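The values are calculated or read from the model by the stated rules, or taken from the named source; none is laboratory data. Just so it is clear, the model here is predicted, and its values are computed rather than measured. Here Cβ is always computed from backbone atoms with ideal geometry, including for glycine, and neighbour counts include all displayed protein chains. The accessibility values were calculated without ligands, DNA or RNA, using every heavy atom of the protein model including side chains. Shrake-Rupley method; radii C 1.70, N 1.55, O 1.52, S 1.80 Å.
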Amino acid sequence: MSEHISAAVLGGSGFIGAELIRLLAAHPQVVPTFVSSARHAGQRVGQVVPGLRNMSIGGHHMRKLDEMPDVDVAFACLPNGVLPSVLDDVANRAKVVINLAGDYRLRQTDQVERHYPASAGGWRQPIPYYIPEFAPTPTEPVLNLPGCMAAATIYALYPLFKADLAAEDVVVDAKSGSSGSGTGSVEHPAVRDGNVRVHKLHGHRHSPEVRQALTDLTGRAPDLQFSTFSLPVARGVMVSAYGRLKPGAGESDVRRAFARAYADAPFVRVAAGRSPMGMPMLKTVVGANVAEVAAVVSGDRWVVVSALDNLIKGGAGQAVQAMNRIHGMDERLGLPEAGGWP
């Protein structure tokens, strides 16, 4: 590919927007030509995001959204509810729009009104819910990516339900670092530090998202108990899922299902070891565009653990992965695969 891809990051002052700027600025085939911020227009990127001040992109200025030029791809990292009001204009100036917010993840009207009340309206065409590992290269002008805890949960459950091995009752315990709350979190660091606490035991908005996605992908819908917790770390999601196998299914079936599901998925790694250090953990995925999964069976009970970096594989990295596929490039291009050990 000789010509570079021009990219816009809409909402560049948030955690995922900042991570996208970092990844795109280091990508060998991309030029990030525009970064927007409603609050910080006119300021340099490196002033608003100190972690980017030593990159050349750090000297660029953030601008207002309505100044966006024509680009090949626009990444929307806007607060929930903002994109529907501007999507027509953005889509007219970008060949592809990749949305990382939750606006179009859910299809049922009652679920949208409950979980994303500011998102109704706007774009009327169907918007695909896109996970690179489970869908062909998209051709639609707008894509919507999964939420970070939803992605980690889908990676954990997809092989079991695709192979029709698991009973419908599933319990999911999902834990997330503080960056999952975004830059607007009001939780004091003194409360978060050294503390593991309940976030939401019932009714989390990723629950219907997971159920919808698995129904679409496998034709089966889990009866899902989805509870979330907060971790005293900046980044990372760890999901533990529990359930029972269907009669006649066993450990060897589960091993084959996971191997088959992710045989051609460069960024989903099935952990081979069964020792604690061989299982998915935050240290091996934070800083990487990798999700680790591991399934362990005892009798008819199964436990699956998955882990990923919420800002990369659960956000910005998955968006770059999608862009790579859309433009016919190796989907691994420009994406880190190693965590920051230790």
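Heavy-atom accessible surface of the chain, averaged per residue, reaches 44 Å², computed with a 1.4 Å probe. Residues of segment 318-342 falling in the label zone of ALA272, defined by backbone nitrogen less than 19 Å from a point 7 Å along Cα to beta-carbon, are 337-339. Counted by Cβ distance under 13 Å from GLY340, the other residues give a net charge of 0, where Lys and Arg count +1 and Asp and Glu count -1. Roughly how many debye, to the nearest 20, is the charge dipole of segment 210-342 about its Cα centre, given +1 on each Lys and Arg Cβ, -1 on each Asp and Glu Cβ, and no other charges? Charge dipole, segment 210-342, about its Cα centre: 220 debye, nearest 20. Tilt of helix 317-326 relative to the longest C-alpha principal axis of the chain, in degrees (0 to 90, nearest 10)? Once rounded, the angle reads 80 degrees. What does the charge add up to near ARG205, with Lys and Arg as +1, Asp and Glu as -1, over the other residues with Cβ less than 11 Å from its Cβ? For residues surrounding ARG205, the net value is +2.
May I ask you to order 323-332, 242-251 by the average number of other C-beta atoms within 10 Å around their residues, highest value first?
Details: 323-332: 17.4, 242-251: 14.8.
Per-residue Cβ counts within 10 Å, averaged per peptide and sorted highest first, yield 323-332, 242-251.
Relative to the longest principal axis of the Cα atoms of the chain, the long axis of helix 148-162 lies at roughly 40 degrees.
The charge dipole of segment 28-82, taken about the Cα centre with unit charges on the Cβ atoms of Lys, Arg (+1) and Asp, Glu (-1), comes to about 320 debye, rounded to the nearest 20.
List the GluC sites (Glu not before Pro) within segment 1-76 that fall in a DSSP loop (any state other than H, G, I, E or B) and whose Cβ has at most 10 other Cβ atoms within 10 Å. List each step's numbers first, then the result.
Numbers: sites: GLU3, GLU19, GLU67; in loops: GLU3.
Those satisfying the criteria are GLU3.
Just to confirm the number: angle between the C-alpha axis of helix 83-93 and the first principal axis of the chain, 0 to 90 degrees, nearest 10? So the inclination is approximately 60 degrees. Amide H contacts under 5 Å for VAL30: ILE5, restricted to partners 5 or more places along the chain or on a different chain, H placed in the peptide plane at 1.01 Å from N.
Going highest first, how would you order 136-148, 285-297, 309-321 by mean Cβ packing within 10 Å?
On the way: 136-148: 18.7, 285-297: 22.7, 309-321: 27.6.
The most tightly packed comes first, giving 309-321, 285-297, 136-148.
The fraction of accessible area contributed by carbon and sulfur in the chain is 51 percent, rounded to a whole number (1.4 Å probe; ligands and nucleic acids excluded).
What does the convex hull of the alpha-carbon atoms of segment 154-260 project to on average, in nm²? Please list the in-between numbers first.
Numbers: hull surface 30.5 nm².
Approximately 7.6 nm², given one-decimal rounding.
Taking the average, over residues, of other Cβ atoms within 10 Å as the packing measure, peptides 152-164, 116-128 rank 152-164, 116-128 from highest down. The lysines whose alpha-carbon is closer than 23 Å to the alpha-carbon of LYS162, local same-chain residues fewer than 8 away aside, are LYS246, LYS313. With the Kirkwood sum run over all distinct C-alpha pairs, segment 1-115 has a hydrodynamic radius of 14.5 Å.
With the biggest extent put first, the Cα atoms of the chain measure 61, 43, 42 Å across the principal axes.
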